[in-house]
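Taking it in order: structure first as structure tokens, then the write-up.
The values are calculated or read from the model by the stated rules, or taken from the named source; none is laboratory data. Since this is a predicted model, take the numbers as computed values, not measurements. FYI the Cβ positions are ideal-geometry reconstructions off the backbone, even for glycines, and counts take in every protein chain you see.
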Amino acid sequence: MSLLFQTPRALAGRALRLVRPDARSPLAGRTVLITGASSGIGEATAYAVARLGARLILVARRSDELARVATEAAALGAEVDTFTLDLTDADAVEAALAQITEKHGAVDYLVNNAGRSIRRSLDLSYDRMHDFERTMAINYFGPVRLILGVLPEMRAQRFGHVVNVVTWGVQMKAPKFSAYIASKAALDTFSRIAGRETFGDNVTFTNLRLPLVRTGMITATEAYRSAPALTVDQAAAKVVRALEDRPLTLSVPVAVVGEIANFALPRLTDALAWLGSSRYPDSTAARGANDRATSPTSTR
């Protein structure tokens with residue numbers, strides 16, 4: 001179904017790679033900036049992109065883990081630069097963007113992967129406005145700040161692509177994820193609008209709506225520890241596909257069906273979602289976290 005949302009050039013490139021698996025990747029020789037690169041999906045994506053011959057700019061908060069990933073990516077033959085960075089620190093992000101532009105020129109591809117997830121019902125959220133503020137800070141404002149920082153050079157060179165790692169929750173509207181899904185939906189919508197403004201400059205956006213992925217992000221929810229989930233390598237393969245093919249959106253069939261059902265039968269899907277959610281109550285972490293220092297959250 002995602003084929004409906006790809007450009008003719010992207011379809012032609014994908015067809016060539018299917019016919020000739022050894023064909024040169026469009027990422028070869030390009031500069032790819034990946035956030036949340038010190039673990040999980042970001043780490044696996046860094047290795048996958050390194051193998052395709054791209055130059056890497058890796059961003060994460062943990063300098064020791066970031067250095068480890070950079071070393072392993074360099075061993076795969078990639079040219080790697082790293083920035084230890086908190087994406088919620090506006091001044092630090094602006095300083096890093098200035099350094100990136102000075103050292104590397106235009107960023108060809110940006111992967112907004114860093115994120116924070118919170119699963120907590122509204123019953124436990126009445127006095128936790130900070131949950132919503134911090135998910136917006138890392139999942140929306142941080143990526144938008146990066147996008148605005150790299151867009152001028154992308155548009156000037158008349159090439160660029162942004163991949164946002166969002167969630168199938170944007171389509172499914174899962175209960176107990178109001179803070180997380182709302183922040184990802186904001187980025188999803190921003191990018192669709194931005195893509196229309198930059199269409200004539202050959203700067204494009206993909207919203208990658210991933211299902212559950214087996215990372216630290218889902219460990220706080222007991223029910224998800226045994227739930228079906230992608231591996232980080234499977235998720236990274238989808239990121240690479242989004243980078244190479246540049247579709248508008250990339251999702252999974254069950255989420256597409258859920259989105260259609262939500263539109264066609266909204267009250268029925270509300271009732272089914274409510275029943276399903278009642279089977280999986282708030283996690284121990286969600287019920288026990290009553291202050292700002294603790295929360296059932298994690299980043300990729």
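Computed quantities for the displayed model
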quantity: Filter result for Val93 (in contact (Cβ under 8 Å) with a residue 40 or more places away in the chain, on the phi < 0 side of the Ramachandran plot, in a helix (DSSP H, G or I) and of a type in the set (A, V, I, L, M, F, W, C)); calculated: yes
quantity: Qualifying residues in the range 38-60 (those that are hydrophobic (A, V, I, L, M, F, W, C) and in a helix (DSSP H, G or I)) - the one surrounded by the fewest Cβ atoms within 10 Å (Cβ to Cβ); calculated: Ala48
quantity: Long-range neighbours under 6 Å by Cβ, at least six apart or interchain, first residue more than 29 Å from Thr135 (Cβ to Cβ) and touching a residue at least 60 places away in the same chain (Cβ under 8 Å) within the range 71-88, second of a type in the set (S, T, N, Q) and part of a strand (DSSP E or B); calculated: none
quantity: Restricting the range 222-244 to residues that are basic (Lys, Arg) and surrounded by fewer than 21 Cβ atoms within 10 Å (Cβ to Cβ), the residue that is modelled with the highest pLDDT; calculated: Arg241
quantity: Single residue of Val150, Val111 found to be buried (at least 24 other Cβ atoms within 10 Å of the Cβ), touching a residue at least 60 places away in the same chain (Cβ under 8 Å) and out of contact with any Asp or Glu (no Cβ under 7 Å at 6 or more places or on another chain); calculated: Val111
quantity: Ile138 closer than 23 Å to Thr167 by Cβ and touching a strand residue (DSSP E or B) at 6+ places or on another chain (Cβ under 7 Å); calculated: yes
quantity: Within the range 97-134, tally of residues that are under 22 Å from Phe205 (Cα atoms), part of a helix (DSSP H, G or I) and in contact with a strand residue (DSSP E or B) (Cβ under 7 Å, 6 or more places away or on another chain); calculated: 2
quantity: Pro247, sole failed condition from (1) at pLDDT 95 or above; (2) farther than 14 Å from Gly169 by Cα; (3) part of a helix (DSSP H, G or I); calculated: (3)
quantity: Identity of the residue in the range 61-83, of a type in the set (Val, Ile, Thr) and surrounded by 17 or more Cβ atoms within 10 Å (Cβ to Cβ), that ends up farthest from Tyr47 (Cα to Cα); calculated: Thr82
quantity: Filter result for Val213 (crowded, with 20+ Cβ neighbours inside 10 Å, under 12 Å from the mean Cα position of the chain (by Cα), modelled with pLDDT under 95 and closer than 24 Å to Val59 by Cβ); calculated: yes
quantity: Pick from the range 250-279, criterion charged (D, E, K, R) and at pLDDT 95 or above, ranking: farthest from the chain's Cα centre (by Cα); calculated: Arg267
quantity: Some residue of the range 173-183 being farther than 17 Å from Ile57 by Cα, buried (at least 21 other Cβ atoms within 10 Å of the Cβ) and aliphatic (A, V, I, L, M); calculated: yes
quantity: Failed item, numbered, when Ile260 is tested on (1) without any contact (Cβ under 8 Å) to a residue 60 or more places away in the chain; (2) aliphatic (A, V, I, L, M); (3) touching a Lys or Arg at 6+ places or on another chain (Cβ under 9 Å); calculated: (3)
quantity: Output for the range 134-153, where each listed residue is under 15 Å from the mean Cα position of the chain (by Cα), among the aliphatic types (A, V, I, L, M) and within 17 Å of Arg192 (Cα to Cα); calculated: Val144, Leu146, Ile147
quantity: Residue that is farthest from Ile41 (Cα to Cα), among those in the range 154-172 that are over 14 Å from the mean Cα position of the chain (by Cα) and surrounded by 19 or more Cβ atoms within 10 Å (Cβ to Cβ); calculated: Met154
